[in-house]
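What follows is calculated from the coordinates using simple rules that are stated; it is not laboratory data. Not measured: the values here are computed from a predicted model. Every residue, glycine as well, gets a Cβ built from its backbone with ideal geometry; the counts of neighbours run over all protein chains shown.
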Amino acid sequence: MNGKCRWFQVLLVVLIFMSANLMGAAQDTPLARTPPMGWNSWNHFACEVSDRVVRAQADAMVRSGMKAAGYTYVLIDDCWEGQRDAEGYIHPNAKFPNMKALADYVHARGLKIGIYSSPGPKTCGGYEGSYGHEERDAQTYAAWGIDYLKYDLCSYDGMGDQIVAYGKMGDALKKTGRPIVYALCQYGMERGWRWAASVGGNLWRTDDDIRDNYYTMAQFGFGQNGLEKYAGPGHWNDPDMLEVGNGGMTEDEYRTQMSLWCLLAAPLIAGNDLTRMPPATLAMLTNPDVIAVDQDPLGAQGRRVSQEGDLEVWMKPLADGSKAVGLFNRGWGAMPVTVDFRSIGLGDSAAVSDLWSRTDLDTFKQEYTATVPPHGVVMINVKSGAK
């Protein structure tokens, strides 16, 4: 063998080694490394969802600037399903004439697409579930180009072991070879946060379906305290979708949901009609400083650090060593809310900036107090040390 051949062999071995390492690194990078951001059809459209609706929402996500703000997933919820063919493969109903073409349309806009099913024989809306067809359905989703699956307990409740049922679809998704975010929707039953990651789940619901009112939203959001140890890159607690812009809450109440969800490192899945957003709704959904808290690469979920009656202080540690803090007022009148810097692991002084107004405030000694409107929030970033 001449020298040129030997050098070629050495080069080939090096290239193979580098390729294997790169593939391994890619496989080690989890899906949903930060909480997924996107839009879901259910809260606003429910079973009125269609190919036309989904295309319009994808276009609006790009046109409005939501894509630029980080919203990626266009998610089709229940009511898309048709019948199975003689071989057991699912087909969409007449409202979705060509699911592959729809996925291509969404992908062409630099977005990703998601779909919905159930481990039971029927979905919540009475359409075809995936029971007994897990591998066929996973293969179908991959062939269509699906990037995200919401898997809703529905008719499976009481049929058997949830962990086994969700594990079947988790295994089926892996076998496709396509990276598909796996969202478990089983309403916090059986304490899913303890086992969902073990069956391939990237996020899991922690409570019932959200409603467009302050009390349900507050119950779900503030009820996440204590679950923070189960969240991190690739796996997230999910208190359900955003209701921002659907009309059932005040602007302060919607700002509370957006702030709390970001402190919780929760998925940010909008549920309003993106084609008809007033400027205030768009501004709330796309505030870059607030979104940065949710998408912080440390992946820590925030927690409650103090409570006095209806007044609560929540803190989320960030990758740069600073803290995101929410000063919440769950009562009916404006009230002062105070964060003690020592209670969040900082020193005797700290620089404070307001995340909603995107303004630097000042450096404060020992604590910071803000007057918070009823059902409202003041959301700040706190960084140790005087200027």
Pop the C-beta distance of M159 and K229 into the FRET formula with R0 = 25 Å and round what comes out to the nearest 0.05.
-> 0.25
Nonlocal amide H pairs with G376, under 5 Å, H built at 1.01 Å | N329
Could you tell me which of G333, M249, P233 has its Cα farthest along the dipole of the chain towards the positive end, charges placed at Cβ (Lys, Arg +1; Asp, Glu -1), taken about the Cα centre?
-> P233
What's the exposure ranking of L263, L153, L227, going from fewest to most Cβ atoms within 10 Å?
-> L227, L153, L263
Measure of size requested: the Rg and Dmax of the range 303-384, with Cα atoms as the atom set and Å as the unit; please supply both.
-> 11.8, 35
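Kindly rank 49-56, 378-385, 35-42 from highest to lowest mean number of other beta carbons found within 10 Å of each residue. Mind showing how you got there, number by number?
Values: 49-56: 18.0, 378-385: 19.5, 35-42: 25.2.
Per-residue Cβ counts within 10 Å, averaged per peptide and sorted highest first, yield 35-42, 378-385, 49-56.
How much of the DSSP beta bridge set in the range 43-151 is antiparallel, as a percent to the nearest 5?
Close to 30 percent.
Largest first and in whole Å, give the semi-axes of the range 89-158's equivalent ellipsoid, each being the square root of 5 times a Cα gyration tensor eigenvalue.
Numbers: eigenvalues 103, 28, 25 Å².
Computed over the range 89-158, the values are 23, 12, 11 Å.
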For the chain, percent of DSSP beta bridges that are antiparallel (nearest 5) comes out at 65 percent
Looking only at Cα atoms, what is the convex hull volume of the range 219-378 per residue, in Å³?
-> 112 Å³
For the range 33-77: rounded, prolate or oblate by the Cα gyration tensor [a/c cutoff 1.5] | oblate
So what is the 222 nm mean residue ellipticity for the chain from helices alone, if each DSSP H run of at least 4 adds -39500 (n - 2.57) and you divide by all residues, rounding to the nearest 500 deg cm²/dmol?
-> -9500 deg cm²/dmol
HN-Hα couplings for the range 311-319 via Karplus (6.51, -1.76, 1.60; θ = phi - 60°), in whole Hz with x for Gly/Pro, come out as 9, 10, 10, 10, 9, 10, x, 10, 4
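Need one word for the range 333-372: rounded, prolate or oblate. Basis is the Cα gyration tensor (sqrt eigenvalues a ≥ b ≥ c); a/c below 1.5 gives rounded, then a/b vs b/c decides.
Values: a/c = 2.27, a/b = 1.22, b/c = 1.86.
Oblate, because a/c is 1.5 or more while a/b does not exceed b/c.
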Overall form of the chain per C-alpha gyration tensor (a/c, 1.5; a/b vs b/c) = oblate
Expressed as a whole number of Å, what is the distance separating the alpha-carbon centroids of the range 127-185 and the range 214-289?
-> 26 Å
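Please tell me the relative contact order of the chain in percent, rounded to the nearest whole number, where contacts are Cα pairs under 8 Å and at least six residues apart.
Working: 814 pairs, mean separation 49.6, N = 387.
Dividing the mean separation by the residue count of the chain yields 13 percent.
So what's the convex hull volume per residue for the Cα atoms of the range 198-290, in Å³? Mind showing how you got there, number by number?
On the way: hull volume 10.0 nm³, N = 93.
Output value, Cα hull per residue: 108 Å³.
Order by neighbour count: C79, C124, fewest other Cβ atoms within 10 Å first, most last. Don't skip to the answer; put the middle values down first.
Numbers: C79 22, C124 19.
So the residues, fewest neighbours to most, are C124, C79.
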Placing each pseudo-label 7 Å from Cα in the direction of the beta carbon, A68 and D104 end up separated by a distance in nanometres of 2.9 nm
Mark the label point 7 Å from the Cα of W332 along Cα→Cβ and return the residues of the range 286-326 whose backbone N is within less than 20 Å of it.
-> 308-312
Go through 101-111, 267-277 and give me the packing order, highest mean Cβ count within 10 Å leading.
-> 267-277, 101-111
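When the convex hull of the Cα atoms of the range 271-321 is projected onto a plane and the area is averaged over all directions, what value comes out in nm²? Walk me through the numbers on the way to the answer.
Numbers: hull surface 21.3 nm².
That works out to 5.3 nm².
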Cross-link list K122/K168; K229/K316; K323/K383; K95/K175; K67/K112; K316/K383: which exceed 18 angstrom alpha carbon to alpha carbon?
-> K95/K175
